[in-house]
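No lab work stands behind these numbers, since they all come straight from the coordinates. Keep in mind it's a predicted model, so treat the numbers as computed, not measured. As a convention, Cβ positions derive from the backbone with ideal geometry for all residues, glycine included, and neighbour counts pool all protein chains shown.
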């Protein structure tokens, strides 16, 4: 459960960001641009007292503290990851259950899903952003739409095998109504693979959000997200690699942690393993 | 007497530390002579497959042979290197498995698979290898040799696939053949053919055979000597006739007594009212394509008629694919019959609407074959039992009280109600399934191969339970089975099915003693160990 541990640490970093740095991630300081990590700066507060702050990860081309931006950026990334996973699983589960259990709607629903699956998240995001304004909600919608068919396909395939199980037939034989069969017998047995899938979706979503922000079609640049920080640091990458390096490390670590959590959950939720627990 | 082909001396195999017992096999010793068939008999988990795999050098890493030796023509297999083992397999010892479909490579032609064995172990030229393959396939009595050689495994029947496996095992004329439940997945008539084939080939080539089985009928049919295994211990070794007629060990005696006899029990003719009557039942599966019917309809059941009276058990007997399960599922209305009537009381089950059906569902209940899949793994057995009654409005408290009674009725501790299915053994799960069906107070209980997946001793217990319940509640029972022995013991009347039709229907005693239909005759003639009177205790 190393993955869960790393993820917990990153989550708490995001939540406790104001406590971890006195600096405002949005504060621009033209005099203090492009400093290397570890540079110290003396700041004069409004009342005249001087304090020395250290830019642990340097500053970017607008003089903003990269450390502050990275830890605040965890908020956006994790929000996107969790929201996308939750929304796409919730919608996909419902559609998948219906498509898998009621054979007559299956063909129609699945062809529609195939259509959705063909839409690339990045193009959809560009289209949505150009239709309205850029923002967190648009990014989430853009990533959720192409993820739903993946969830639907998974749920449907699991449901297709479960509906043939004798225990489902036994439930029919004792007169259990169809909605109850779905909730009592089918749903609990689809949860295990679904939770695992959800973690992979979360990892993908965090990555796509970073890509969208990097391309400038995601969350607006004043909001710190790992993608934004990297996009900002792109131009001076050869001279000041820290602008891309640190958010990159956090991004890689988070995605790795989520994937490890998914693998761990898969092993734990496997019925063959749960016998031993 | 020549030296034994295989000699196992004090073989001990240790299980991983978290297993239910310490040793998979403890101190097992026996020998197989050339041209002799030694049957290793035991229930599931007795360690019989572990012995077979130890001999082949195929033990999984988690299991280790900690003591003893396995001598194959004098050479200790346990001490042999991987390279030596590879050389020994096929040339000196060969193995055939229970499920020939999974043991054969699905994307390789059967002939090529046999040829591969030759190419690996001999330096014969391709032309000679081809001739040898043809000769071997002919030796296992395959019709149309050329076509069989060019076929893929899925194009053959189960029996033909097993013949290919045997041909593959014997192509290099090994001195030892290990057969791990080779006929368990086959129908009785096919089983009889495979057994006689194995016998014939052994006699002709002087191969020693270690034959693993759980079925005493098969033992009586094929064995020269028998070794009985219980939880890793060899409890008895002796000649077949001696072990089957005068078993020395209590366990052997219990196993043999648990085998149902082929002679039906005498039952009083039931004059009770008819509970269920099937009239001209048909179920046809239509193959559909995008453009409507694609043709090639499959008639799973055709014109099936029978009736079940109160307190009576009617057996539907047949081989796989005979349509018996289709009929069972039609009667329970899990599938809708294409034509015909199923009269339960005064309602026609076949034509009821969904709403009407729901109100009447409780009158017909079904127990399935696979005890591992018929209970939802994520719900307690208590929840499974009370589900039905609560669907029909019984309050939870009352339903739980009834579940307590039912658990006692099926001889399980009522305290086990809040346990999950995986905490029970196969036999116990089947009892839970019976309790779940009885919770509905049905008029008719359908047992669809309900004891087929169970060990013979557990099977005897579950059969006794079913019989007890039938008498106590004077329940009507429709008993679906492929096992003639079970049918003989349980059923008052039997209907023999083949290719979706009932070919013979009458009192069990009558059908078993004087079969009229040719198919019934061949079925009875194929029953393994039919010359042997089993189950004296049960009768």
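To the nearest 10 degrees, how steep is helix B:396-409 against the longest Cα principal axis of chain B, on a 0 to 90 scale? Around 50 degrees separate the two axes. Using just its DSSP H runs of length 4 or more, each adding -39500 (n - 2.57), chain B gives a mean residue ellipticity at 222 nm of -10500 deg cm²/dmol after division by all residues. Per residue of peptide B:382-392, the mean number of Cβ atoms on other chains within 10 Å of the residue Cβ is 3.
Here the translational diffusion coefficient of the stretch A:1-92 follows from Stokes-Einstein with Rh set to the Kirkwood radius across Cα pairs; for 25 °C and 0.890 mPa s it amounts to 164 µm²/s.
Across every pair of non-identical alpha carbons in chain A, the mean reciprocal distance, once inverted, gives a Kirkwood radius of 21.0 Å.
The stretch A:53-79 and the stretch B:473-514 have Cα centres separated by 79 Å. The order of B:375, B:412, B:197, going from fewest to most other C-beta atoms within 10 Å of their C-beta, is B:197, B:412, B:375. Relative contact order of chain B: 16 percent, from C-alpha pairs under 8 Å at least 6 residues apart in sequence.
Rg over Rh for the stretch A:37-146 works out to 1.26, using Cα positions for both radii and the Kirkwood form for Rh.
For the pair residue A:177 and residue A:31 in one chain, pulling the backbone fully straight at 0.36 nm per residue adds 45.5 nm over the alpha carbon distance. In the stretch B:87-221 the Cα-Cα distances spread across 5 Å bins starting at 0 as 2, 11, 22, 24, 22, 12, 5, 1, 0 percent of all pairs.
Considering only A:68, A:76, A:173, give the residue with the highest GNM mean-square fluctuation for chain A, with springs between Cα atoms whenever their separation is below 10 Å. Greatest mean-square fluctuation among the candidates belongs to A:173.
Taking the C-alpha atoms only, the angle from helix B:126-139 to the longest principal axis of chain B is near 50 degrees. Relative to the dominant Cα principal axis of chain B, helix B:158-170 is inclined by about 20°. When peptides B:513-521, B:163-171 are ranked by their average number of other Cβ atoms within 10 Å per residue, the highest-first order is B:163-171, B:513-521. Report the relative contact order of the stretch B:100-173, percent, no decimals, based on alpha-carbon pairs under 8 angstrom and at least 6 residues apart. Relative contact order comes out at 48 percent. Geometric descriptor of the stretch B:1-148, per residue, is 158 Å³ (volume of the convex hull of the Cα atoms). Averaging 1/r across all pairs of distinct Cα atoms in the stretch B:100-173 and inverting the result yields a Kirkwood radius of 11.9 Å. What shape does the stretch B:329-457 take by its C-alpha gyration tensor, where a ≥ b ≥ c are the square roots of the eigenvalues and a/c under 1.5 counts as rounded, a/b above b/c as prolate, and the rest as oblate? Because a/c hits 1.5 or more and a/b fails to exceed b/c, the stretch B:329-457 counts as oblate. Taking chain A as a Gaussian network of alpha-carbon nodes connected by springs under 10 Å, the highest mean-square fluctuation of the residues A:19, A:136, A:236 belongs to A:19.
With all pairs of different C-alpha atoms in the average, the Kirkwood value for the hydrodynamic radius of the stretch B:1-49 is 12.4 Å. Based on the alpha-carbon gyration tensor of the stretch B:134-192 and its eigenvalue square roots a ≥ b ≥ c, which shape applies: rounded if a/c is under 1.5, prolate if not and a/b is larger than b/c, or oblate? In terms of gyration-tensor shape, oblate.
Prolate is the label for the stretch B:461-517, because the ratio a/c of its alpha-carbon gyration tensor axes (a ≥ b ≥ c) is 1.5 or higher and a/b is greater than b/c. For an R0 of 60 angstrom, estimate the FRET efficiency from the Cβ-Cβ distance between residue B:418 and residue B:284 and round to the nearest 0.05. The computed FRET efficiency comes out at 0.85. Shown is the FRET efficiency for residue B:359 and residue A:105, computed with R0 = 30 Å from the Cβ-Cβ distance and rounded to the nearest 0.05: 0.65.
The base-10 log of I(q)/I(0) for chain B, evaluated at q = 0.06, 0.10, 0.11, 0.12 Å⁻¹, reads -0.34, -0.92, -1.08, -1.22 [Debye formula, identical scatterers on Cα atoms, solvent excluded]. Per residue of A:87-95, other chain Cβ atoms within 10 Å of the residue Cβ number 0 on average.
When the alpha-carbon atoms of the protein assembly as shown are used, the pair Rg, Dmax equals 34.1, 114 angstrom. Could you state the number of Å between the C-alpha centres of the stretch A:235-257 and the stretch A:136-195? Distance between centres, Cα-based: 38 Å.
Across the stretch B:201-334, the relative contact order, built from alpha-carbon pairs under 8 Å that are at least six residues apart, equals 15 percent. Spin-label pair residue A:5-residue A:235: with each label point 7 Å from Cα along the Cα-Cβ axis, the two points sit 4.2 nm from one another. Note on B:368-376: average number of Cβ atoms from other chains within 10 Å of each residue's Cβ is 5. The stretch B:150-174 and the stretch A:101-133 have their alpha-carbon centroids 49 Å apart.
By the helix-only formula, in which each DSSP H run with n ≥ 4 contributes -39500 (n - 2.57) and the sum is divided by residues, chain A has a 222 nm mean residue ellipticity of -22500 deg cm²/dmol. Largest mean-square fluctuation among A:105, A:151, A:255, in a Gaussian network model of chain A whose springs join Cα atoms under 10 Å apart, belongs to A:105.
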